[in-house]
1. Ranked highest first by the average count of other Cβ atoms within 10 Å around their residues, in what order do 5-16, 47-58 fall?
2. For the pair A41 and A19, how long in nm is the line joining their label points, each one 7 Å along Cα→Cβ?
3. Within straight cross-link reach of K48, meaning Cα distance under 16 Å, which lysines are found once same-chain residues fewer than 8 apart are removed?
4. Take every Cα-Cα pair in the range 7-190 and report what % of them are more than 19 Å apart.
5. Straight-line reach only, C-alpha to C-alpha below 19 angstrom: list the aspartates and glutamates that K153 could link to, leaving out same-chain residues fewer than 8 apart.
6. Applying the Karplus parametrisation 6.51 cos²θ - 1.76 cosθ + 1.60 with θ = phi - 60° to the phi angles of the range 37-51, what ³J(HN,Hα) value in whole Hz is obtained for each residue in order, glycine and proline being reported as x?
7. Only four residue types carry charge here, +1 at the Cβ of Lys and Arg and -1 at the Cβ of Asp and Glu. Report the dipole size of the range 111-175 about the Cα centre in Debye, rounded to the nearest 20.
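Coordinate-derived values only; no laboratory data. Predicted, not measured: the structure shown is a model, and the values here were computed from it. Cβ placement follows ideal geometry from the backbone for every residue including glycine, while neighbour counts extend to all protein chains displayed.
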Amino acid sequence: MVLVHSFTTDRLLIRPLLAEDKIFFCQQYTNEIVMKKTGGAINQVEAKKQFQRSLKANERASRGGKKSVLTWAIVCLSTGKIIGSQTFSFLTLPHNIEVIKQTELNGRVQAEMGIVLSIESQGKGLGKEALTALVEYGFNSLSLDRINAFYVKSNLASARVFARLNFICDSASQLKNTENTEHSYLQIESYG
């Protein structure tokens, strides 16, 4: 059974997304500046739908159902305020299908990770701190063999964070219809 647990770092509480996070979630996903390098902002209607899908997916996974996307809220311990969200996606989508097909042939259990941080929280090392905790959770609690990260090539902050986490940049992978996307990955053998 997959449970979506809470976990902490020195400065952060990372907990499953809750219904009370809806306003923050929708503000983030509709904000052009926040979403500029993550595929672009969506409208309010789509943000609300995405939020409901995220809640349902967490609930399904917590009951032992099929994993699709697990979503956590990132909360600042000193203020108690939500500052972002992060996910593990187990979906095969157009931007990752080639990578997923290649690694599934080797029997690897894998997920794609992502993060969205509020503007005020960027540039303070909180993204790295949150992603480090999620990587640890993925390998130790979800028994992942591989974690993938896809990000816009111009998102230098993401590139730096994933490099610091020892992700391997896979510029050679053939990503269909994604000439502006970079792929990095971390395998359990390289972790630690």
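1. Highest-to-lowest ranking by the protection proxy: 47-58, 5-16.
2. According to this spin-label approximation, the distance is 2.8 nm.
3. K22, K56
4. Within the range 7-190, distances greater than 19 Å cover 58 percent of Cα pairs.
5. E32, E98, E112, D170, E179, E182
6. 10, 10, x, x, 5, 10, 7, 4, 4, 5, 4, 5, 5, 4, 4
7. Dipole about the Cα centre, nearest 20: 220 debye.
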